[in-house]
Amino acid sequence: DGGDTWHGSYTCYHTEGQDMVNVMNALKPDAMTFHWEFTLGSERVREIVGDLFAALGANIFDAEWDEPSEDFAPYQFFERGGVKIAVIGQAFPYMPIANPGWMFPEYSFGIRTERMQQVVDEVKMGAELVVLLSHNGFDVDKKMAGLVSGIDVILTGHTHDALPEPVLVGETILIASGSNGKFVSRVNLDVRDGRMMGFRHKLIPIFSDVIEPDKEVAALIDEQRAPYEADMSEVIGQTDSLLYRRGNFNGTWDDLICDALISEREADIAMSPGVRWGPSLLPGDDITREDIWNATSMTYGKAYRSEMTGEFIRTIMEDVADNIFNPDPYYQRGGDM
């Protein structure tokens with residue numbers, strides 16, 4: 001699991017991520033790494049990962065001592081098909097910049113290319129295949145693949161891309177499987193004599209209306225939702241257009257949020273954080289309370305009204321543009337405008 005999972009919904013907010021943890025434990029993923037999870041607060045994250053599957057983050061350091069944190073393993077070994085595999089975790093490197101640092105003051109993050117090379121060299125002594133489970137974002141992972149030798153596969157997250165074919169950088173393949181359960185990637189690897197000799201890959205779209213849900217997991221999901229169903233299903237309005245979030249610059253969900261802020265807070269200009277999470281609504285759909293939470297659920301979300309000069313607004317716009325389009329991927333912090 002590539003992260004951003006204990007976050008972003010009405011039930012997740014009200015259970016501090018427990019609803020997602022309960023379902024993930026039923027799905028039994030082998031490992032995960034992190035980004036938005038840390039906005040539950042570091043104490044809550046530690047509480048959850050204490051008895052969880054492998055919680056990985058080779059780049060999560062103790063902020064005071066600048067040493068790898070003992071709370072998160074850098075990697076885990078697995079055996080599949082007679083092959084010993086090392087899975088290394090890479091949490092979102094720009095955590096305190098993209099999210100409030102006061103929520104996880106004891107940790108520092110960063111890309112840490114040299115640290116990644118050390119970890120890869122370390123696991124290569126025992127593993128025939130090295131997989132990086134990453135929340136760097138696609139462009140950052142592409143650059144890292146060119147700088148760090150020995151990684152066979154990068155499962156790349158954060159930018160929510162779905163790539164129909166793997167991208168090859170040297171001898172490293174990058175796999176991106178989208179978000180919101182829209183795709184599953186199947187990757188078959190041919191490993192001989194401790195080397196990846198070839199691969200087959202398929203990006204499989206998940207058509208939820210033609211797949212019969214697993215009864216056990218469906219019942220578990222219903223159980224998590226039941227206490228909140230009445231509040232979530234309240235209809236707030238209707239949409240006559242497609243509400244989505246995806247473009248680099250904005251989406252119609254963002255327009256709706258900003259229009260509402262201008263209307264309710266008597267502002268001339270409204271700005272909304274450039275986040276790309278939240279499912280779409282089709283024209284003619286009811287907008288429920290749950291739909292609004294799906295697009296706005298943050299543990300620290302507030303609406304502020306303040307005075308700004310034109311110069312300051314321009315500085316904000318240019319800074320955000322630099323975050324997204326800087327020619328050096330290591331200076332790209334993800335997010336949208």
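In deg cm²/dmol and to the nearest 500, what is the mean residue ellipticity at 222 nm of the chain if only DSSP H runs of at least 4 residues count, each as -39500 (n - 2.57), divided by the residue total?
Values: 11 runs with 103 residues, N = 337.
Here the helix-only value at 222 nm equals -9000 deg cm²/dmol.
The chain: longest stretch without exposed trypsin sites (Lys or Arg not before Pro) (DSSP loop, at most 12 other Cβ within 10 Å), sites themselves excluded? Write out the running numbers ahead of the final one.
Numbers: sites that count: 302, 305.
With a cap of 12 other Cβ atoms within 10 Å, the longest stretch comes to 1-301.
Between the helical axis of 252-265 and the dominant principal axis of the chain, each derived from Cα atoms, what acute angle in degrees is found, rounded to the nearest 10?
For helix 252-265, the angle is close to 40 degrees.
Just to be sure I understand the model, the point goes 7 Å from the Cα along the line to the Cβ. What's the resulting residue 316 to residue 42 distance in nm?
With each label point 7 Å from Cα toward Cβ, the separation is 2.9 nm.
Where the only charges are on Cβ atoms (+1 Lys, Arg; -1 Asp, Glu), what is the dipole of the chain about its Cα centre, to the nearest 20 debye?
1020
Lysine pairs, Cα distance under 22 Å, 8 or more residues apart or cross-chain: how many in the chain?
10
If I compute solvent accessible area with a 1.4 Å probe over the protein chains, what percent of it on segment 200-337 is carbon and sulfur? Write out the running numbers ahead of the final one.
Details: 5110 of 9440 Å².
Reported share for carbon and sulfur atoms: 54 percent.
With a probe of 1.4 Å, find how much accessible area the chain has per residue, and write the answer as a whole number in Å². Please list the in-between numbers first.
Details: 18240 Å² over 337 residues.
For the chain, the per-residue accessible area is 54 Å².
At residue 97 and residue 67, where each label point lies 7 Å from the Cα along Cα→Cβ, what is the point-to-point distance in nanometres?
Simple spin-label model gives 2.7 nm for this pair.
On a 0 to 90 degree scale, rounded to 10, what angle separates helix 113-124 from the longest Cα axis of the chain?
40
Once you've got the GNM for the chain with C-alpha springs shorter than 10 Å, pick whichever of 136, 180, 323 has the biggest mean-square fluctuation.
180
Name the GluC sites (Glu not before Pro) in segment 228-337 that are in a loop by DSSP and that have at most 16 other C-beta atoms within 10 Å, would you?
Working: sites: 229, 234, 264, 266, 290, 307, 311, 318; in loops: 234, 266, 307.
Answer by residue number: 234, 266, 307.
Which is farthest toward the positive dipole end of segment 234-325 among 282, 323, 258, measuring Cα position about the Cα centre, with Cβ charges +1 (Lys, Arg) and -1 (Asp, Glu)?
Ranked along the dipole, the leading option is 323.
Let's see if you can work this out: charge +1 on each Lys and Arg Cβ, -1 on each Asp and Glu Cβ, no other charges. What is the dipole magnitude of segment 10-209 about its Cα centre, in debye to the nearest 20?
Numbers: 16 positive and 28 negative charges, 175 e Å.
Around 840 debye, computed over segment 10-209.
Out of the total accessible area of segment 1-122 (probe 1.4 Å, heavy atoms of protein only), what percent is carbon and sulfur?
Numbers: 2490 of 5300 Å².
Summing carbon and sulfur atoms, their accessible area is 47 percent of the total for segment 1-122.
Specify the angular offset, from 0 to 90 degrees and rounded to the nearest 10, of the alpha carbon long axis of helix 18-27 from the longest principal axis of the alpha carbons in the chain.
40
Can you tell me the dipole magnitude for segment 31-114 around its Cα centre, using point charges on the Cβ only (Lys, Arg +1; Asp, Glu -1), in Debye to the nearest 20?
Using only the charged Cβ atoms, the result is roughly 460 debye.
The values are calculated or read from the model by the stated rules, or taken from the named source; none is laboratory data. Every value quoted in this text rests on a predicted model; they were computed, and no experiment measured them. Quick reminder, even Gly has a Cβ in these numbers, built from the backbone with ideal geometry, and neighbours come from all protein chains shown. Only protein heavy atoms, including side chains, enter the accessible area calculation; ligands, DNA and RNA are left aside. Shrake-Rupley method; radii C 1.70, N 1.55, O 1.52, S 1.80 Å.
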